[in-house]
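The values are calculated or read from the model by the stated rules, or taken from the named source; none is laboratory data. Remember, it's a predicted structure, so these values are computed and weren't measured experimentally. Here the Cβ positions follow ideal geometry from the backbone for every residue, glycine too, while neighbour counts run over all protein chains shown. Heads up: the accessible areas ignore ligands, DNA and RNA and are worked out on the full protein's heavy atoms, side chains in. Shrake-Rupley method; radii C 1.70, N 1.55, O 1.52, S 1.80 Å.
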Amino acid sequence: MTPASAESVPFNCVILPGNDLASIMMTNSLASDASCTVTCKFSTTKYNNNPQITCTKPVPAGKEVEMCQLTSGGDKMVKLTDGHAECIK
């Protein structure tokens, strides 16, 4: 039995029009279905308000999916400040 290993995969954390909602997308670039996790953190117009979300779910091999959405909590999102994604076979 081989141990599970996490591999980095492509992802995109996009602030949607209106700047109060973000769409968290990722692609399972592995050759098999996998459990995938993506984390995105954003800055907002309010000092020290940095909404962050982590989403995990199974993703079919080679597919791009929307993992989840994040609301800003009432402040406008300005930019992505941090993010990463990985899938485990």
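If you run the Gaussian network model on the chain, springs between alpha carbon atoms under 10 Å, then out of 59, 38, 78 the most flexible one is 78. For the chain, the solvent-accessible area of protein heavy atoms averages 59 Å² per residue (probe radius 1.4 Å; ligands and nucleic acids excluded). Taking all Cα pairs closer than 8 Å and separated by 6 or more residues, the relative contact order of the chain comes to 40 percent.
Protein heavy-atom surface of the chain, 1.4 angstrom probe: 50% of the accessible area is carbon and sulfur, with nucleic acids and ligands not counted. Would you list, by chain and number, the lysines whose Cα falls below 26 Å from the Cα of residue 79, excluding same-chain residues fewer than 8 positions away? The reachable lysines, counting only those whose Cα sits under 26 Å from residue 79, are 41, 46, 57, 63. Just how many % of Cα pairs in the chain lie over 18 Å apart, if you round to the nearest whole percent? Here the tail beyond 18 Å accounts for 43 percent of pairs. For the pair residue 50 and residue 14, the difference between a 0.36 nm per residue extended length and the Cα-Cα distance amounts to 11.5 nm.
A simple count of charges around residue 69, restricted to other residues whose Cβ falls under 15 Å of its Cβ and scoring Lys, Arg +1 and Asp, Glu -1, yields 0.
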